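All remarks here apply to the structure that follows.
Derivation of every value follows stated rules applied to the coordinates shown; laboratory data play no part. A quick note: this is a predicted structure, and the numbers were derived from the prediction, not measured. Glycine also receives a Cβ, built like all others from the backbone with ideal geometry; neighbour counts cover every protein chain displayed.
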Amino acid sequence: MQKTLPLIATLAALAAFPAAAQDAAAPAEAAAAVSADVAYIFNTLLFLIGGFLVMWMAAGFAMLEAGLVRSKNVTTQLFKNISLFAIAGIMYWLIGYNLMYPSDWTVTGYIGELFSPKAIDPVGAGVAADGYSAGSDFFFQLMFCATTASIVSGTLAERVKLWPFLIFTVILTALIYPIEASWQWGGGFLSEMGFSDFAGSTLVHAAGGFAALAGAMVLGARTGKYRADGRMQPMPGSNLALATLGTFILWLGWFGFNGASQLAIGSVNDAADVSRIFVNTNMAASAGAVAAIIVTQLVYGKIDLTMVLNGALAGLVSITAEPLTPSIFAAILIGGLGGAIAVFVVPMLDRMKIDDVVGAIPVHLVAGIWGTMIVPATNDGTSFVTQFIGILCIGGFVFVVSFAVWSILKATMGIRVSQEAEISGLDISEMGMEAYPDFVQAK
């Protein structure tokens, strides 16, 4: 009971504020001032809470990838995840944010401002009329940038050198992601065209998938993954418990990813919409997992846990483009089809000898495209043609630039570890330490 007293006192003070202000301003003006203050506070909290939930997704990616790579590569994968998050934080502040949200377009509708570090509100100088604090907005948007980089990490696991990967992360978070995201969220030409991507099925997830696909094509498959006789050699992950934990963490973080993308919770309608987004997000994930269970049982004769984990994630990616307008039934269909699509894409990539260690391309790229294309089915504010053009522009830009960057890195410093290092494990060759030093690994 004692813990509730400060809250009661605060609410009483807010309730009394209009009466105390009557001597200085009209009641309507005082009420409007309180309303603006309250909206500012709640909107800022939405950004901050959503932001740290999305930040928690970084832990999810780390655990998922640590579980799906072999034990001899776990330390390296964990290092990549924490380093890319740190790099994203600095590069997005230094270049990315104002490139993505320019005050003026340098090249109208295509490229914003370079080298203009983000400034936040001075101490004690919040402005209620702004709707939310500048710092909360920057923090929230940064998490999306870091998520894009996390997607690339898992695909290229177990054979990419660390320094080329980190250099690519610098370019991705400072330039590639901010430029393509500015075309929609920064008021660029896709926004003017009517393209719709609520929380980033294409702008974040498919973009990360295109960057990963380009890297996988330039890098090549892991040694021994594809045999000369055309058969695929399974390379099971080291810890499915960690992979499952990572999936649950990502599932939880997604409520911040999608829910806070409403960008406001200072009114009754916004609060209702955020709750609707939460429900649809959860339903899509559930449907994606169930669809993967059914499909793997029918196709393979037994259930594949890794497919089920990726099915849930594919359902989440699918609903991210439009989590607000679908009914619950529509959200289930969108997520379920996303989960099924991810299961079928995995063997297709193997037939093309594209080695994706954690399944990021089926989950983020393909399911992201599916989720973006189906938006007009529940949101009449856009069209299938517009959605297709948006995907083509973003995908083409990210893939071509990423492919060029990976190719330049390959030609100049090399992007792949030696075969000996790959066989012994990147933990020893790249990091000099093992995640599980008490266990002798078969070489």
Length-normalised contact order of the chain in % [C-alpha pairs under 8 Å, at least 6 apart]: 23 percent
Spin-label pair ALA129/ARG231, simplified geometry with 7 Å Cα→Cβ offset, distance in nm: 7.3 nm
Separation of the ILE120 and ALA271 label points, Cα + 7 Å toward Cβ, nm: 2.7 nm
Relative contact order (%) - criterion: Cα under 8 Å, at least six apart; region: segment 328-414: 22 percent
Span-rule helices in the chain, defined as complete DSSP H runs reaching 20 Å or more along the axis (Cα) with Kyte mean at least 1.0: 5-20, 27-68, 74-91, 240-259, 305-320, 328-351, 384-412
Inter-centroid distance (Cα atoms) of segment 117-139 relative to segment 387-443, Å: 37 Å
Among the listed pairs LYS72/LYS161; LYS161/LYS353; LYS80/LYS410; LYS80/LYS118, those beyond 23 Å (Cα-Cα): LYS80/LYS118
Cα-Cα pairs of segment 39-170 separated by more than 17 Å (percent): 64 percent
Contour excess over end-to-end distance, with Cα ends at LYS302 and THR223 and 0.36 nm allotted per residue: 25.7 nm
Eligible aspartates and glutamates near LYS225 by straight Cα distance, threshold 16 Å, same-chain separation 8 or greater: GLU158, ASP350, ASP355, ASP356, GLU420, GLU422
Full-stretch length increase - PHE248, MET348 - with 0.36 nm per residue and alpha-carbon distance subtracted: 33.3 nm
